[in-house]
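The values are calculated or read from the model by the stated rules, or taken from the named source; none is laboratory data. Keep in mind it's a predicted model, so treat the numbers as computed, not measured. Every residue, glycine as well, gets a Cβ built from its backbone with ideal geometry; the counts of neighbours run over all protein chains shown.
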Amino acid sequence: MSDTSTIHRELSAALSPTAVLRQEEPMARHTTMHIGGCADLYLEPDSESDLAVAIQFCDTRNVPVLLLGRGSNLLVRDGGVRGLVVSFSKLSSIRVEGCLVHCGAGAKLKNLAWDACRAGVAGFEFLEGIPGSVGGALRMNAGAMGGAIFDRVESVRVMDYSGQVHEYGISQIAVHYRSCPLIESAIALGAVLRGTSDKVDAISERMKAYSQKRWTAQPKEPSAGCTFKNPGLVPAGKLIDQLGLKGARVGGAVISNLHGNFIVNDGNATARDVLALIEMVKKQAKAAQGIELETEIEIVGED
Ligand code: EPU
């Protein structure tokens, strides 16, 4: 890989003038935990063709690429990220046509749910309180309140790592609890989701009820959502609660007193603090209950 300023200069010249490309971008600005060292390069493509240019460029120069959702399920280590981080914030269109919602990977789930609600389209209420984007949600089949995003998917558009675009119908896509292998090997560009027709008032009441439930059960401090996947029989939050670990702290990272599966940033936490807390919880869950907890949050970057 060439040096960062050479890559910056050459890639800038190949992108459209409205694309954003920066060097040494603090990832703490782009994660809901407000933690993380700098990315060598940070890109907000303004179109799918900008994205294809960047992906092909990185492929030929061996520049690693990290795709960013809204950073709501992400822990970036303190040494930052080598290569290029791509944000989809400019590819965030949402269009409701009948009961179908066409959305870009960068669309916020909350906006999707409210746009559908205003058009009298139900089925997306559970997305209201998930602080993520469509792309990130597809990648991990995000869910809440008993629903998961792939329950609503009709088709997904992806770009492969040579820059080619493909569209897949739901019957062609394998989906699991918190995972979708297709979107681990290709880049989600957007999706068509199907809802059902309902009265706007009824939909918005359900969304408000979900929102209220979330705000009473989940912490407001900066976090990356649930830290661990729910293992088999007992939810991770309940297990951590039963182990008496709520309130446990390493540096500025604390296990929430409200919900055991959330690690919150008390103001000055480092990734190292969070990782130490994760290891401590894993060890205790294994020792006390024989349960191997697996992180739900994605951990990237260098120490
Ligand atoms: N519980 C405790 N103590 C706690 C936390 C939870 O006893 O500290 C108990 C609750 O009382 C409940 C059970 O554990 O009986 C499950 O808790 P909750 O209803 O909060 O659901 P969860 O399984 O912990 C899942 C998702 C959340 C999502 C909520 C609400 C996973 C890993 N988590 O949490 O998603 O918001 O349901 O639908 O699937 C995320 O993905 O980042 C996330 C937070």
Subject >> In segment 210-261, residue nearest to Leu127 (Cα to Cα) [restricted to those that are within 7 Å of the ligand (Cβ to nearest atom) and in a strand (DSSP E or B)] >> reply: Gly225
Original post:
Within the bounds of segment 290-297, is there any residue that is more than 16 Å from the ligand (Cβ to nearest atom), exposed (fewer than 15 other Cβ atoms within 10 Å of the Cβ) and under 21 Å from Leu233 (Cβ atoms)?
Top reply: yes
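Conditions tested, residue by residue: (1) in contact with a helix residue (DSSP H, G or I) (Cβ under 8 Å, 6 or more places away or on another chain); (2) more than 16 Å from the ligand (Cβ to nearest atom); (3) on the phi > 0 side of the Ramachandran plot; (4) in contact (Cβ under 8 Å) with a residue 60 or more places away in the chain.
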residue: Ser133; (1), (2), (3), (4): yes, no, no, yes
residue: Leu138; (1), (2), (3), (4): yes, no, no, no
residue: Arg152; (1), (2), (3), (4): no, no, no, no
residue: Val165; (1), (2), (3), (4): yes, yes, no, yes
residue: Val175; (1), (2), (3), (4): yes, no, no, no
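Kindly provide the set of residues from segment 187-199 that are farther than 30 Å from Ala52 by Cα and buried (at least 16 other Cβ atoms within 10 Å of the Cβ), ordered by number.
Gly195, Asp198
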Original post:
Yes or no: Ala285 surrounded by 14 or more Cβ atoms within 10 Å (Cβ to Cβ), touching a helix residue (DSSP H, G or I) at 6+ places or on another chain (Cβ under 9 Å), part of a strand (DSSP E or B) and at pLDDT 95 or above?
Top reply: no
Original post:
Within the bounds of segment 55-64, is there any residue that is modelled with pLDDT under 95 and either among the β-branched types (Val, Ile, Thr) or crowded, with 21+ Cβ neighbours inside 10 Å (or both)?
Top reply: yes
Original post:
Of all residues in segment 262-282, which are touching a helix residue (DSSP H, G or I) at 6+ places or on another chain (Cβ under 8 Å) and assigned to a helix (DSSP H, G or I)?
Top reply: Val281
Subject >> Options Phe150, Phe126: the member that is crowded, with 18+ Cβ neighbours inside 10 Å, at pLDDT below 95 and not polar (S, T, N, Q) >> reply: Phe126
Original post:
Among the residues of segment 154-163, is any away from the ligand (no atom under 16 Å from the Cβ), part of a loop (DSSP other than H, G, I, E, B) and crowded, with 20+ Cβ neighbours inside 10 Å?
Top reply: no
Original post:
Are there any pairs, at least 6 apart or on different chains, whose C-beta atoms fall under 6 Å, with the first in segment 84-112 and closer than 30 Å to Gln23 by Cα and the second outside any loop (DSSP other than H, G, I, E, B) and charged (D, E, K, R), and if so, which?
Top reply: Ser87/Glu44; Ser89/Glu44; Lys90/Glu44; Ile94/Asp115
Subject >> Where Ala202 falls short, out of the listed (1) surrounded by 14 or more Cβ atoms within 10 Å (Cβ to Cβ); (2) modelled with pLDDT of 95 or more >> reply: (1)
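Of everything in segment 1-37, what is among the polar types (S, T, N, Q) and part of a loop (DSSP other than H, G, I, E, B)? Give them in sequence order.
Ser2, Ser16, Thr18, Thr31, Thr32
Scan segment 95-115 for residues that are among the β-branched types (Val, Ile, Thr) and under 19 Å from Asn141 (Cα atoms) and jot them down. Show your work before the answer.
At the first step, the residues of segment 95-115 found to be among the β-branched types (Val, Ile, Thr) are 96, 101.
Of everything in segment 95-115, just one residue is among the β-branched types (Val, Ile, Thr) and under 19 Å from Asn141 (Cα atoms), namely Val101.
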